[in-house]
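**Student:** Mind looking over this structure? Questions follow.
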Amino acid sequence: MRKLSGSQIVWMIVTTEIVAIIGINITPAILISKQDTWISMLVAGGIGAALTFLVVHLSMLHPNQTLTQFSQALLGKWLGRLIVLPYLIAWYTLSAYLLRSFSGFLKPLLIDRTPLWIIMLLLLGLMVYLTYSAGITGIGRYCEIVGPIIIFVLIVSFILNAGNTDWHHLLPVYADTGWVTILRGSLRPALWFAGPFTLLVVVAFMQNPQKALSKSMLGVGITVVMVFTATLMVLLVFGPNLAAKIRFSYFMYVRTIDILNFIQNMDIFIVFVWIFAVTAQLSLFLFVASYETAQLFNVKNWRNIIWFSPPAILIMAILIPNETVLAIYDQFWVSVIFPVCGIGIPLLLWIVSVVKKKASESKV
Amino acid sequence: MKRAGTLCFVWLLMILSTTGCWNLREPNQLAFVLGTGLDLTKDGQLQISIQIVIPSGVDGGQESGGGTKGKSFRVISATGKNVYDTVPSFQAQLSRSLFLGHRRIILIGQRLAEHGIGNLLDEFIRNPQSELRSRIYVVKNGQAKDILSAEPIFEPFTSTALVHQQATLGLKRYYFRDFLSDALSQGLQPMLPTVRLTDSKQFVYSGTAVFNKDEGLKLVGFLDDKDSFYANWITNRQAGFALTSFVKRGNGNVSLKLQSLGQRIRVKMVDKQIKIDVHLTGEGTIVENNTDLDPTKLKDLHIIQDELSETTQRSIQRLIEKVQKQYKTDIFGFGERVHQQYPNQWKTMKRDWNDTFPELAVSVKVNLQCNPGENNSSVKIMP
């Protein structure tokens with residue numbers, strides 16, 4: 001299998017994280033930290049980088065091995081496999097969640113008479129195509145193209161709305177919230193900055209695994225800067241009180257662009273770019289989930305899993321009855337899945353790796 | 001065989017996705033809404049009126065001078081329980097489906113505004129088809145419906161005419177979303193521009209409507225257009241305006257066309273007592289001079305500047321007192337300034353702010369800079 005280059009890792013992180021945070025995490029953060037949400041985003045970036053560090057460092061201790069392989073090597077065959085199960089649950093359900101929530105976002109805005117399952121099927125078709133035809137290298141190359149486009153479109157949206165900003169919306173700084181609130185507001189974005197722990201698998205496919213740390217930090221860094229700016233701009237245009245009322249505040253922000261009554265309705269470009277990025281995101285999850293499922297059941301060719309995983313994701317997505325269930329899942333993600341898969345197990349594996357390494361060194 | 005099957009599937013997907021057949025909606029199937037008017041009928045029902053474009057009436061409007069041109073718009077109304085409840089009634093009268101993406105204006109009739117509009121705002125954000133770039137006006141002494149039906153002088157629609165007029169009047173852009181942001185903030189009461197209809201069925205800008213958001217966004221009063229300029233100056237919603245005032249030491253009037261306005265609002269805390277300092281600056285050109293003074297001379301120019309500043313200052317002081325005593329709503333956003341500059345004290349003050357505001361000590365300082373204009377001493381031919 002061909003390998004991923006360093007810049008592909010950077011753009012993969014940017015592409016798969018940025019739209020999720022800007023799309024669905026700005027308003028919940030503003031609801032908590034109000035006009036200080038931009039501070040929350042910076043704090044979140046710091047926490048996210050630390051969590052990414054943990055995951056990447058753990059992967060780098062086991063070069064060319066993915067999660068299922070090194071967890072079995074560390075904890076033995078059965079316990080090692082058992083530990084992968086929560087990850088698989090997380091990746092499959094998260095894919096279904098994203099598929100459902102993005103289609104649910106798209107439908108009322110642009111294509112309100114199209115059945116939801118058609119939108120989901122189309123997205124699913126794209127991600128299956130990308131993943132099946134080219135695997136992780138294809139996803140990497142795709143992100144290398146899409147990532148810069150996303151950054152470009154975001155920057156254009158910042159520049160075009162500069163005339164609608166009012167810096168008074170940011171005042172008073174800190175006094176209304178205090179650090180506890182700011183920290184609380186940073187929790188959800190922080191988990192997204194860390195990503196859904198796909199790096200546990202992806203790092204194994206890198207050409208130069210020793211560069212994984214610097215490249216992933218760069219990826220998180222770019223993401224943090226863009227999310228921070230987007231949050232700042234949303235606050236500057238709407239003010240914290242109105243922004244907190246708008247569910248997809250960045251999207252609404254783009255819709256407010258109006259230059260000389262001529263440059264308007266930029267939201268259509270944003271939707272385009274969003275579809276690119278969501279495809280990348282879903283493809284990555286699909287790849288990671290399929291690959292690890294194959295590893296778990298000792299299936300030689302992971303592509304065979306593709307016959308099973310996308311239908312499972314689609315069925316789960318269709319079974320989600322309404323958007324309140326999405327909110328419940330979101331809560332579940334923050335309170336259970338992430339602490340287990342993003343912090344608990346990686347920390348455990350990391351400690352075991354370090355201890356084993358020490359032990360083997362002392363033996364020699 | 002297998003390949004052909006995949007190809008067919010991909011084809012089908014392409015046709016479904018790229019052509020957009022599922023959501024096909026051509027412009028000639030849409031009724032473009034340019035303006036929405038909200039009124040309260042005499043028997044207390046909510047009445048929504050919309051101004052829709054008739055494309056055939058707009059096309060080639062300049063050439064068809066013979067009066068053969070049809071009307072460029074139509075206004076239809078319906079009553080309902082809330083804003084969206086009227087949409088089915090509209091749709092029942094139209095062969096095309098409503099399209100709100102180009103709505104330029106939202107008008108609120110005076111009776112409805114007095115009744116309170118606090119519970120009518122939700123639809124404008126929630127409806128995904130809604131448009132937040134609309135401007136918003138209150139219709140003084142009348143109904144929103146009548147303004148929408150009026151035929152303006154230049155533009156084919158009142159909706160666009162009103163938007164253009166705001167720029168002509170030197171008002172900064174104030175969108176519906178700005179109004180929402182103001183209405184949701186802590187220490188600021190919203191105010192909106194107003195328009196009224198003359199007897200000859202023309203619309204006239206007529207100042208500002210003052211709201212009280214703590215009573216469900218109720219209209220509590222109006223400011224005339226002069227006072228509105230001052231109020232907009234304080235709140236940074238005015239880019240320029242012209243003022244004319246009597247200069248005593250020159251025994252005549254001077255008109256000043258102000259083009260750059262500045263404002264600085266400082267909050268001072270003296271013995272736990274709040275004091276507001278409003279410092280306004282303006283720069284402009286003298287466009288008419290009926291006095292004996294010669295503005296090209298420094299001494300005379302100073303006299304004009306000082307007297308103009310002083311009279312403006314007095315007018316603004318009177319305005320602030322009037323708002324404090326009569327309307328008791330903080331349209332100047334002094335509370336927001338306290339919030340920004342003394343956030344900790346604000347936490348205890350915000351609950352009683354409506355009682356504090358009328359008692360606030362506000363000092364106003366106006367500083368005007370004038371350019372003399374094109375001639376020196378006044379051109380006057382006296383008998």
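The values are calculated or read from the model by the stated rules, or taken from the named source; none is laboratory data. For clarity, every value in this text was computed on a predicted model and none was experimentally measured. Don't worry about glycine lacking a Cβ; one is built from the backbone with ideal geometry, like all the others, and counts go over all protein chains shown. SASA here: full protein model, heavy atoms, side chains in, ligands and nucleic acids out. Shrake-Rupley method; radii C 1.70, N 1.55, O 1.52, S 1.80 Å.
**Student:** Go through the residues of segment A:293-310 one by one and say whether even a single one is under 28 Å from A:Phe53 (Cβ atoms), surrounded by 11 or more Cβ atoms within 10 Å (Cβ to Cβ) and not hydrophobic (A, V, I, L, M, F, W, C).
**Tutor:** yes
Residues checked against (1) hydrophobic (A, V, I, L, M, F, W, C); (2) more than 14 Å from every other protein chain (Cβ to nearest Cβ); (3) farther than 26 Å from B:Asp214 by Cβ:
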site: B:Ile105; (1), (2), (3): yes, no, yes
site: B:Ile108; (1), (2), (3): yes, yes, no
site: B:Ile125; (1), (2), (3): yes, no, no
site: B:Asn141; (1), (2), (3): no, yes, no
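**Student:** A further question follows. Just to be sure before I move on: is B:Pro343 touching a Ser or Thr at 6+ places or on another chain (Cβ under 8 Å), at pLDDT below 90 and crowded, with 16+ Cβ neighbours inside 10 Å in the structure I sent?
**Tutor:** Answer is no for this residue.
**Student:** Can you tell me which residue is farthest from the other protein chains (Cβ to nearest Cβ) among those in segment A:260-274 that are of a type outside the set (S, T, N, Q) and open to solvent by 50 Å² or more (accessible area, probe 1.4 Å)?
**Tutor:** Among those that are of a type outside the set (S, T, N, Q) and open to solvent by 50 Å² or more (accessible area, probe 1.4 Å), it is A:Phe269.
**Student:** Do we find that A:Arg184 is surrounded by 20 or more Cβ atoms within 10 Å (Cβ to Cβ) and among the charged types (D, E, K, R) in this structure?
**Tutor:** Taking the combined requirement at face value, the residue does not satisfy it.
**Student:** If you check A:Leu42 against the conditions, is it in contact with a helix residue (DSSP H, G or I) (Cβ under 9 Å, 6 or more places away or on another chain), assigned to a helix (DSSP H, G or I), modelled with pLDDT under 90 and of a type outside the set (D, E, K, R)?
**Tutor:** Criteria not met by A:Leu42.
**Student:** Within segment A:101-141, how many residues are at pLDDT 85 or above, among the hydroxyl-bearing types (Ser, Thr, Tyr) and in contact with a helix residue (DSSP H, G or I) (Cβ under 6 Å, 6 or more places away or on another chain)?
**Tutor:** 4
**Student:** Of the conditions (1) farther than 21 Å from A:Phe297 by Cα; (2) buried (at least 21 other Cβ atoms within 10 Å of the Cβ), A:Leu126 satisfies every one except a single condition; which number is it?
**Tutor:** Here A:Leu126 meets the rest and fails (2).
**Student:** Within segment A:185-206, is even one residue in a helix (DSSP H, G or I), of a type in the set (A, V, I, L, M, F, W, C) and within 13 Å of chain B (Cβ to nearest Cβ)?
**Tutor:** no
**Student:** Among (1) touching a Ser or Thr at 6+ places or on another chain (Cβ under 9 Å); (2) surrounded by fewer than 17 Cβ atoms within 10 Å (Cβ to Cβ); (3) within 13 Å of chain B (Cβ to nearest Cβ), where does A:Thr177 come up short?
**Tutor:** Of everything listed in (1) touching a Ser or Thr at 6+ places or on another chain (Cβ under 9 Å); (2) surrounded by fewer than 17 Cβ atoms within 10 Å (Cβ to Cβ); (3) within 13 Å of chain B (Cβ to nearest Cβ), A:Thr177 misses just condition (2).
**Student:** Next question, about the same structure. Assuming A:Tyr132 fulfils every condition listed in (1) within 14 Å of chain B (Cβ to nearest Cβ); (2) open to solvent by 50 Å² or more (accessible area, probe 1.4 Å); (3) within 30 Å of A:Ser249 (Cα to Cα); (4) assigned to a helix (DSSP H, G or I) apart from one, which condition is it?
**Tutor:** (3)
**Student:** Also: Look through A:Met233, A:Met252, A:Met226, A:Met217 and report the one residue that is in a helix (DSSP H, G or I) and without any contact (Cβ under 8 Å) to a residue 40 or more places away in the chain.
**Tutor:** The unique qualifying residue is A:Met252.
**Student:** In this structure, does B:Ser130 turn out to be among the hydroxyl-bearing types (Ser, Thr, Tyr) and at pLDDT below 85?
**Tutor:** Yes, satisfied.
**Student:** Every residue in segment A:135-164 that is β-branched (Val, Ile, Thr) and open to solvent by less than 50 Å² (accessible area, probe 1.4 Å), please.
**Tutor:** Of everything in segment A:135-164, those that are β-branched (Val, Ile, Thr) and open to solvent by less than 50 Å² (accessible area, probe 1.4 Å) turn out to be A:Ile136, A:Thr137, A:Ile139, A:Val146, A:Ile150, A:Ile151, A:Val153, A:Val156.
**Student:** From the set of residues in segment A:90-115 that are without any contact (Cβ under 8 Å) to a residue 24 or more places away in the chain and not hydroxyl-bearing (Ser, Thr, Tyr), which is most open to solvent (accessible area, probe 1.4 Å)?
**Tutor:** A:Arg113
**Student:** In segment A:241-259, how many are in contact with a Ser or Thr (Cβ under 9 Å, 6 or more places away or on another chain) and either surrounded by fewer than 22 Cβ atoms within 10 Å (Cβ to Cβ) or within 12 Å of chain B (Cβ to nearest Cβ) (or both)?
**Tutor:** Final tally of qualifying residues: 12.
**Student:** Inside segment A:148-174, can you point out the residues that are within 14 Å of chain B (Cβ to nearest Cβ) and either aromatic (Phe, Trp, Tyr) or within 25 Å of A:Val10 (Cβ to Cβ) (or both)?
**Tutor:** A:Trp167, A:Tyr174
**Student:** Scan segment A:323-345 and tell me whether some residue there is out of contact with any Phe, Trp or Tyr (no Cβ under 9 Å at 6 or more places or on another chain) and not in a helix (DSSP H, G or I).
**Tutor:** The answer is no, given that none of the residues of segment A:323-345 is out of contact with any Phe, Trp or Tyr (no Cβ under 9 Å at 6 or more places or on another chain) and not in a helix (DSSP H, G or I).
**Student:** Which ones in segment B:211-239 are acidic (Asp, Glu) and free of Cβ contacts under 8 Å to residues at least 40 places away in the same chain?
**Tutor:** Within segment B:211-239, B:Asp224, B:Asp225 qualify.
To keep it simple, each residue is scored yes or no on (1) among the β-branched types (Val, Ile, Thr); (2) within 13 Å of the chain's Cα centre (by Cα); (3) in a strand (DSSP E or B).
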{"site": "B:Ser181", "(1), (2), (3)": "no, no, no"}
{"site": "B:Thr194", "(1), (2), (3)": "yes, yes, yes"}
{"site": "B:Thr208", "(1), (2), (3)": "yes, yes, yes"}
{"site": "B:Asp214", "(1), (2), (3)": "no, no, no"}
{"site": "B:Gly221", "(1), (2), (3)": "no, no, yes"}
{"site": "B:Asp227", "(1), (2), (3)": "no, no, no"}
{"site": "B:Ala231", "(1), (2), (3)": "no, yes, no"}
{"site": "B:Asn236", "(1), (2), (3)": "no, yes, no"}
{"site": "B:Leu243", "(1), (2), (3)": "no, no, yes"}
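**Student:** Can you tell me how many residues in segment A:130-166 are closer than 14 Å to A:Ala230 by Cβ, among the hydroxyl-bearing types (Ser, Thr, Tyr) and free of Cβ contacts under 8 Å to residues at least 12 places away in the same chain?
**Tutor:** 0
**Student:** Among the candidates A:Gln72, A:Gln65, single out the residue that is open to solvent by 30 Å² or more (accessible area, probe 1.4 Å), in contact with a helix residue (DSSP H, G or I) (Cβ under 6 Å, 6 or more places away or on another chain) and not in a helix (DSSP H, G or I).
**Tutor:** That would be A:Gln65, the only listed residue that is open to solvent by 30 Å² or more (accessible area, probe 1.4 Å), in contact with a helix residue (DSSP H, G or I) (Cβ under 6 Å, 6 or more places away or on another chain) and not in a helix (DSSP H, G or I).
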